[in-house]
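For reference, the structure is listed below as structure tokens.
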Amino acid sequence: VLVSFLSDFGLDDPFVGICHGVMRRIAPGLEIVDITHGIAPGAVLHGALTLADAVPYLPAGVHLAVVDPGVGGERRAIALDAGGRFFVGPDNGLLLPAAETVGGVHRAHELTNEEYALTPVAATFHGRDVFAPAAAHLALGVALAELGPELEPAGLVRPHVPEPWHEEGVQHVTVLAVDRFGNLQLNVDRVDHELLEVEVREVRREARLARTYADGRPGELLLLTDSTGRLAVAVPGGSAAEALAARPGDELRLRPLR
Amino acid sequence: VLVSFLSDFGLDDPFVGICHGVMRRIAPGLEIVDITHGIAPGAVLHGALTLADAVPYLPAGVHLAVVDPGVGGERRAIALDAGGRFFVGPDNGLLLPAAETVGGVHRAHELTNEEYALTPVAATFHGRDVFAPAAAHLALGVALAELGPELEPAGLVRPHVPEPWHEEGVQHVTVLAVDRFGNLQLNVDRVDHELLEVEVREVRREARLARTYADGRPGELLLLTDSTGRLAVAVPGGSAAEALAARPGDELRLRPLR
Amino acid sequence: VLVSFLSDFGLDDPFVGICHGVMRRIAPGLEIVDITHGIAPGAVLHGALTLADAVPYLPAGVHLAVVDPGVGGERRAIALDAGGRFFVGPDNGLLLPAAETVGGVHRAHELTNEEYALTPVAATFHGRDVFAPAAAHLALGVALAELGPELEPAGLVRPHVPEPWHEEGVQHVTVLAVDRFGNLQLNVDRVDHELLEVEVREVRREARLARTYADGRPGELLLLTDSTGRLAVAVPGGSAAEALAARPGDELRLRPLR
């Protein structure tokens, strides 16, 4: 059984390596796939959407995810069974969208059994002391119910995903993420026009519907379907984020021109 | 059989993790070595030279490389047999230098057989849908010829590697790469003088031939043979890139002083 | 036997991938855990402390570490036996703190036997040509004594770890590290007051003792015990490094307020 791992730990500190070590001490020979550890610190929604986009491409197994600004506080530590796949992480909305892409939450348990944790549990690093150990034990075949009491799935914290809205022919959308190529991922799947004006704060630019980067001229603003199926703003050979001075969470206004 | 993987995807997005997942779904237990995913976005030449430098140190197997600004456009997706090693990636010059370090291209095939791709193929992420699946299938032992029609090796796209040139005793060289330590890798293997003036744009500095960083005083500009066998400009305990305000692609002029 | 690997190579260059390749050519199927490669270039002390913090969480095996500003110079290349765990790296203080967390140095050998190196050894990349090969051979079961002559453990280079000091009720401490979350790790384990003034250069801020990030208000300066057991300055949802304009190596003055 393979463990996949997503976090906001970055790779410049030893946090990810330590979690790998913890898992391999519990489960020697364990296979681990790192999805990414580049989620911005504390960006739970971005982590949740990234995990949901990645999971369909990963082998079934245990999906460990830690974006956990509330570590050591009131938020619960949980493990979910989603039809043959397990999810382990904080109960802050991080896991639900991914669990729902693969069949939804069948059962949920709180991680309270210290037999499956590193003790004493540090108040600042549950990735190392609670979540990684739980993931490794699940990968070894420990039953979910062993990890702690059952929870009502309906009571789990849900993430708030911003919805697009229309007003007077203008579509208001939100930038969900900016990738390394400067592409702006939007919270819509499509637009119905071929040429649009994109406005964010004071910046206005024309954008053209296209199929892929290679369909545009260098520097041109394109609207295309990205690899997650969402609409994205892109600049071939450049960066839409720079061209529009846009960041995750920004609202964009799309006005049809043709 | 091991798969090595180089790209310009970075590690802050889930692209690399998703490709790992795709390969392990096809080939459970597959071993993957990440060469680097830090090639600058779209920097095909730098990717090609980095791959060529790394391959001799990697186990034989399948070498997957994706630096692919033309994704979804006219450029072909290819797999090469280079004498017991396979290369998979776009036909944009990325693979040829590496293939030539290990014996040259014996056979080339275009990746057109959708049986070995994830369909429908997204126009923006052939790494996930075309290249990673092809690499995993080759690692499993699928014959190259199964992946698509044979291509004439002579017709593959070659990268343009800048050549140094001389004029009036001045050697004109190009910065191929800048590494984490601020070392400037040049497109020459040696110089014939012990003391030179290095000029780039308006900046002029004296540089001394040395064997290793420890041979210099802190802050001193050195010229030394780097681990790829090329000449590099280095500053012990500092950064030659900062000292000279130089970037990849810059032309440096070397004037002998002694 | 598993190899863990820490360095200051970063992940944007192929250095780490090449070392992985070298080890897997020598020891096919070798398991490798990357602790981190984000140690700042040449930051031997930070590398040493990070390795020491990580090793207790890693499976026993070979610990390869390369932060090596003196590469190619006079410093020795060494391998240590620390009671069932081996350490491989430069003799510049990088390995000793970690070796001491797991029982201290039983035996030390210099890496001089070229049979276990890649030759000719490049003067600028002993990670590839000396250290990674030695680690892989140790993982395969080669005896430590095969790698070169025995050294007196007492003669190994020790790192200088800054000590806190007191003067007129003010505690002078040093920032050992800044992590991705902007937390400042200090060279003390505790303070005896609940409210303190933190001063660094011209900046003064009040800080409150807390147990975890979730105990503070956004923007508030907290002093808490981090996951290594050291005291750290943190800002919930923010960055203490930004709030105090502090960097690794800075001296902080702590004045009790209550």
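To keep it simple, each residue is scored yes or no on (1) of a type in the set (Val, Ile, Thr); (2) more than 14 Å from A:ILE78 (Cβ to Cβ); (3) within 14 Å of another protein chain (Cβ to nearest Cβ).
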{"residue": "A:ALA99", "(1), (2), (3)": "no, no, no"}
{"residue": "A:GLY104", "(1), (2), (3)": "no, yes, no"}
{"residue": "A:LEU118", "(1), (2), (3)": "no, yes, yes"}
{"residue": "A:HIS126", "(1), (2), (3)": "no, no, yes"}
{"residue": "A:LEU140", "(1), (2), (3)": "no, yes, no"}
{"residue": "A:LEU144", "(1), (2), (3)": "no, no, no"}
{"residue": "A:GLY148", "(1), (2), (3)": "no, no, no"}
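Only one of (1) of a type in the set (A, V, I, L, M, F, W, C); (2) within 14 Å of chain B (Cβ to nearest Cβ); (3) within 18 Å of C:HIS46 (Cα to Cα) fails for C:VAL161. Which number is that?
With respect to (1) of a type in the set (A, V, I, L, M, F, W, C); (2) within 14 Å of chain B (Cβ to nearest Cβ); (3) within 18 Å of C:HIS46 (Cα to Cα), C:VAL161 is out only on (2).
So in the stretch A:11-25, with the set limited to residues that are at the interface with chain C (Cβ under 7 Å from one of its Cβ atoms) and under 20 Å from B:GLY21 (Cα atoms), which one is farthest from the chain's Cα centre (by Cα)?
For the stretch A:11-25, the residue satisfying everything is A:ARG24.
Kindly establish whether C:ASP34 is touching a strand residue (DSSP E or B) at 6+ places or on another chain (Cβ under 8 Å) and open to solvent by 20 Å² or more (accessible area, probe 1.4 Å).
yes
Identify the residue in the stretch A:203-241 that is within 12 Å of chain B (Cβ to nearest Cβ), among the charged types (D, E, K, R) and open to solvent by 50 Å² or more (accessible area, probe 1.4 Å) and, among all such residues, is nearest to B:HIS126 (Cα to Cα).
A:ARG211
Any idea which of A:ALA154, A:ALA135, A:ALA139 is closer than 30 Å to A:GLN185 by Cβ, outside any loop (DSSP other than H, G, I, E, B) and out of contact with any His (no Cβ under 9 Å at 6 or more places or on another chain)?
A:ALA154
Is it true that some residue in the stretch A:118-131 is open to solvent by 40 Å² or more (accessible area, probe 1.4 Å) and assigned to a helix (DSSP H, G or I)?
No: zero hits.
Restricting attention to the stretch A:26-48, report how many residues are at the interface with another protein chain (Cβ under 10 Å from one of its Cβ atoms), within 10 Å of the chain's Cα centre (by Cα) and aliphatic (A, V, I, L, M).
Final tally of qualifying residues: 2.
Among the residues of the stretch A:51-62, count how many are open to solvent by 30 Å² or more (accessible area, probe 1.4 Å) and either within 14 Å of chain C (Cβ to nearest Cβ) or in contact (Cβ under 8 Å) with a residue 24 or more places away in the chain (or both).
3
So, C:ALA132, is that one within 14 Å of chain B (Cβ to nearest Cβ) and modelled with pLDDT of 95 or more or not?
Against the criterion (within 14 Å of chain B (Cβ to nearest Cβ) and modelled with pLDDT of 95 or more), C:ALA132 qualifies.
For the stretch A:164-178, name all the residues that are under 13 Å from A:ARG230 (Cβ atoms) and acidic (Asp, Glu).
none
Quick one: count up the residues across the stretch B:68-89 that are away from chain A (no Cβ under 14 Å) and open to solvent by 10 Å² or more (accessible area, probe 1.4 Å).
5
Out of the residues in the stretch C:79-102 that are under 22 Å from C:HIS160 (Cβ atoms) and small (Gly, Ala, Ser), which is farthest from the chain's Cα centre (by Cα)?
C:ALA82
For the stretch A:178-195, name all the residues that are touching a residue at least 60 places away in the same chain (Cβ under 8 Å) and surrounded by 22 or more Cβ atoms within 10 Å (Cβ to Cβ).
Once the filter is applied, which keeps residues that are touching a residue at least 60 places away in the same chain (Cβ under 8 Å) and surrounded by 22 or more Cβ atoms within 10 Å (Cβ to Cβ), the stretch A:178-195 yields A:VAL178, A:LEU184, A:LEU186.
If I filter the stretch A:160-177 down to residues being under 20 Å from A:LEU49 (Cα atoms) and of a type in the set (A, V, I, L, M, F, W, C), which single residue comes out as surrounded by the fewest Cβ atoms within 10 Å (Cβ to Cβ)?
Per the criteria, the residue is A:TRP165.
Could you tell me which of the residues C:VAL157, C:VAL142, C:VAL105 is open to solvent by 30 Å² or more (accessible area, probe 1.4 Å), under 26 Å from B:PRO56 (Cα atoms) and among the β-branched types (Val, Ile, Thr)?
Result: C:VAL142 is the single residue among C:VAL157, C:VAL142, C:VAL105 that is open to solvent by 30 Å² or more (accessible area, probe 1.4 Å), under 26 Å from B:PRO56 (Cα atoms) and among the β-branched types (Val, Ile, Thr).
List pairs: first in the stretch B:83-106 and free of Cβ contacts under 8 Å to residues at least 24 places away in the same chain, second aromatic (Phe, Trp, Tyr) and crowded, with 21+ Cβ neighbours inside 10 Å, Cβ under 9 Å, 6+ apart or cross-chain?
Between residues of the stretch B:83-106 that are free of Cβ contacts under 8 Å to residues at least 24 places away in the same chain and residues that are aromatic (Phe, Trp, Tyr) and crowded, with 21+ Cβ neighbours inside 10 Å, the close pairs are B:ALA99/B:PHE87.
Do we find a residue being more than 8 Å from every other protein chain (Cβ to nearest Cβ), among the polar types (S, T, N, Q), touching a residue at least 12 places away in the same chain (Cβ under 8 Å) and buried (at least 24 other Cβ atoms within 10 Å of the Cβ) anywhere in the stretch C:2-10?
Looking through the stretch C:2-10, at least one residue is more than 8 Å from every other protein chain (Cβ to nearest Cβ), among the polar types (S, T, N, Q), touching a residue at least 12 places away in the same chain (Cβ under 8 Å) and buried (at least 24 other Cβ atoms within 10 Å of the Cβ).
Given the residues B:ALA48, B:ALA43, B:ALA65, which is the only one that is over 19 Å from A:ALA54 (Cα atoms) and open to solvent by 20 Å² or more (accessible area, probe 1.4 Å)?
B:ALA43
Evaluate the stretch B:23-46: report whether one residue or more is basic (Lys, Arg) and either in a helix (DSSP H, G or I) or in contact with a helix residue (DSSP H, G or I) (Cβ under 6 Å, 6 or more places away or on another chain) (or both).
yes
Of C:VAL198, C:VAL170, C:VAL175, which residue is closer than 16 Å to C:SER239 by Cα, over 18 Å from the mean Cα position of the chain (by Cα) and touching a residue at least 40 places away in the same chain (Cβ under 8 Å)?
On inspection, the qualifying residue turns out to be C:VAL198.
Does C:LEU111 meet the test of being at the interface with another protein chain (Cβ under 8 Å from one of its Cβ atoms) and either among the hydrophobic types (A, V, I, L, M, F, W, C) or crowded, with 20+ Cβ neighbours inside 10 Å (or both)?
No.
The values are calculated or read from the model by the stated rules, or taken from the named source; none is laboratory data. Predicted model only: the values in this text are computed from it and were never measured. Here the Cβ is made from the backbone with ideal geometry for all residues, glycine too, and neighbour counts use every protein chain on show. Accessible surface is based on the protein model in full, side chains and every heavy atom, while ligands, DNA and RNA are left aside. Shrake-Rupley method; radii C 1.70, N 1.55, O 1.52, S 1.80 Å.
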